[in-house]
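**Q** Take this structure first; my questions come after.
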């Protein structure tokens, strides 16, 4: 991002990116509790600069994260008291998720135990051989680009994370941890504007999306 600040705290128009994300999550009436996992040294900053200005101080629980994303999700899971419910895992830098998308994933996970959001691959997908040359062109018919939220029954996702920790297994998303235990994971269609803001170009795109929503 060419910025010393963590990307989730960068301003997206009128508030930090993660602030937009929290408000988007809060807009879904099926969400009963929000846990924001951040680096331990950022807890007070998030409380003072994000939760209090957004009037979310009483609605969001702050939890200290770990060294990597997977460790942070595990810490968040450990803080949950309701072991019979569903867990919605979402990237703090995906601020444009819609309540309807959350509802769709939650309802599917109630039936199947696991559901994630994604988009079908519309462009040609090629596999590179490690030296910068094309090894082969993949059939994109059943290929999806994964997004969040990812929703799981608590028992399933907690088991998946415990097994991963025991085996020293690392993955780029939580669904992989569930898949490796043999569980089926449903995928439903998300939206092209449910972007993950990780580059300056993404930030500019996010500003454009936000401005287009302002009446």
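The values are calculated or read from the model by the stated rules, or taken from the named source; none is laboratory data. These numbers were taken from a predicted model, which means no experiment stands behind them. A quick note on method: Cβ atoms are made from the backbone with ideal geometry, for glycine too, and the neighbour counts reach across all protein chains shown.
**Q** Here is a list of conditions, (1) more than 18 Å from residue 97 (Cβ to Cβ); (2) within 16 Å of the chain's Cα centre (by Cα), and residue 164 meets all of them except one; can you say which number that is?
**A** (2)
**Q** Still on this structure, please answer the following. Could you check region 126-154 and list, in sequence order, the residues that are in contact with a strand residue (DSSP E or B) (Cβ under 8 Å, 6 or more places away or on another chain) and not in a strand (DSSP E or B)? Even if it seems obvious, please write down each step before you answer.
**A** Looking only at region 126-154, we keep the residues that are in contact with a strand residue (DSSP E or B) (Cβ under 8 Å, 6 or more places away or on another chain), and these are 126-129, 134-138, 140, 143-154.
Answer for region 126-154, where residues must be in contact with a strand residue (DSSP E or B) (Cβ under 8 Å, 6 or more places away or on another chain) and not in a strand (DSSP E or B): 129, 140, 143, 154.
**Q** Which one is nearest to residue 97 (Cα to Cα), of the residues in region 175-193 that are out of contact with any helix residue (DSSP H, G or I) (no Cβ under 7 Å at 6 or more places or on another chain) and not in a loop (DSSP other than H, G, I, E, B)?
**A** By that ranking, first place goes to 189.
**Q** Now, a different point. So, in region 155-170, how many residues would count as being surrounded by fewer than 16 Cβ atoms within 10 Å (Cβ to Cβ) and either in contact with a strand residue (DSSP E or B) (Cβ under 9 Å, 6 or more places away or on another chain) or not in a helix (DSSP H, G or I) (or both)? So that I can check it myself, show each step before the final result.
**A** First, the residues of region 155-170 that are surrounded by fewer than 16 Cβ atoms within 10 Å (Cβ to Cβ): 155, 162-163, 165-170.
Checking the rest, the ones that are also either in contact with a strand residue (DSSP E or B) (Cβ under 9 Å, 6 or more places away or on another chain) or not in a helix (DSSP H, G or I) (or both) come to 168-170.
The total comes to 3.
Matching residues to (1) farther than 16 Å from residue 195 by Cβ; (2) more than 19 Å from the chain's Cα centre (by Cα); (3) outside any loop (DSSP other than H, G, I, E, B):
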| site | (1), (2), (3) |
| --- | --- |
| 4 | yes, yes, no |
| 8 | no, no, yes |
| 19 | yes, no, yes |
| 22 | yes, no, yes |
| 29 | yes, no, no |
| 32 | yes, no, no |
| 41 | yes, yes, yes |
| 45 | yes, yes, yes |
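**Q** Hey, could you check region 194-213 for residues that are under 18 Å from residue 25 (Cα atoms) and either out of contact with any helix residue (DSSP H, G or I) (no Cβ under 8 Å at 6 or more places or on another chain) or modelled with pLDDT of 95 or more (or both) and say which is surrounded by the most Cβ atoms within 10 Å (Cβ to Cβ)? Before you say what the answer is, go through the steps one by one.
**A** The first filter runs over region 194-213 and keeps only residues under 18 Å from residue 25 (Cα atoms), leaving 194-197, 206, 209-210, 213.
Then drop every residue that is not either out of contact with any helix residue (DSSP H, G or I) (no Cβ under 8 Å at 6 or more places or on another chain) or modelled with pLDDT of 95 or more (or both), which leaves 194-197, 206, 209, 213.
Working: 194: 21, 195: 17, 196: 16, 197: 26, 206: 23, 209: 16, 213: 8.
My answer is 197.
**Q** Ok, one more. Among the numbered criteria (1) touching a helix residue (DSSP H, G or I) at 6+ places or on another chain (Cβ under 9 Å); (2) more than 21 Å from residue 174 (Cα to Cα), which single criterion is violated by residue 41?
**A** The one condition residue 41 does not meet is (1).
**Q** Further, regarding this structure: Limited to region 57-95, what total is found for residues that are part of a loop (DSSP other than H, G, I, E, B) and either free of Cβ contacts under 8 Å to residues at least 24 places away in the same chain or touching a helix residue (DSSP H, G or I) at 6+ places or on another chain (Cβ under 6 Å) (or both)?
**A** Pass one, region 57-95, residues part of a loop (DSSP other than H, G, I, E, B): 57-59, 65-68, 79-85, 90-95.
From what is left, the residues that are either free of Cβ contacts under 8 Å to residues at least 24 places away in the same chain or touching a helix residue (DSSP H, G or I) at 6+ places or on another chain (Cβ under 6 Å) (or both) are 57-58, 65-67, 81, 83, 85, 92-93, 95.
Summing the residues that are part of a loop (DSSP other than H, G, I, E, B) and either free of Cβ contacts under 8 Å to residues at least 24 places away in the same chain or touching a helix residue (DSSP H, G or I) at 6+ places or on another chain (Cβ under 6 Å) (or both) in region 57-95 gives 11.
**Q** Within region 96-110, how many residues turn out to be in a helix (DSSP H, G or I) and touching a residue at least 24 places away in the same chain (Cβ under 8 Å)?
**A** Qualifying residue count, region 96-110: 10.
**Q** Criterion first (more than 29 Å from residue 187 (Cβ to Cβ), modelled with pLDDT of 95 or more and surrounded by fewer than 20 Cβ atoms within 10 Å (Cβ to Cβ)) does residue 15 satisfy it? Steps first, answer last, please.
**A** On the way: more than 29 Å from residue 187 (Cβ to Cβ): yes; modelled with pLDDT of 95 or more: yes; surrounded by fewer than 20 Cβ atoms within 10 Å (Cβ to Cβ): yes.
Here the answer is yes, as residue 15 does meet what is asked.
**Q** Which residues, counting only those in region 47-56, are in contact (Cβ under 8 Å) with a residue 24 or more places away in the chain and not in a helix (DSSP H, G or I)?
**A** 53, 54, 56
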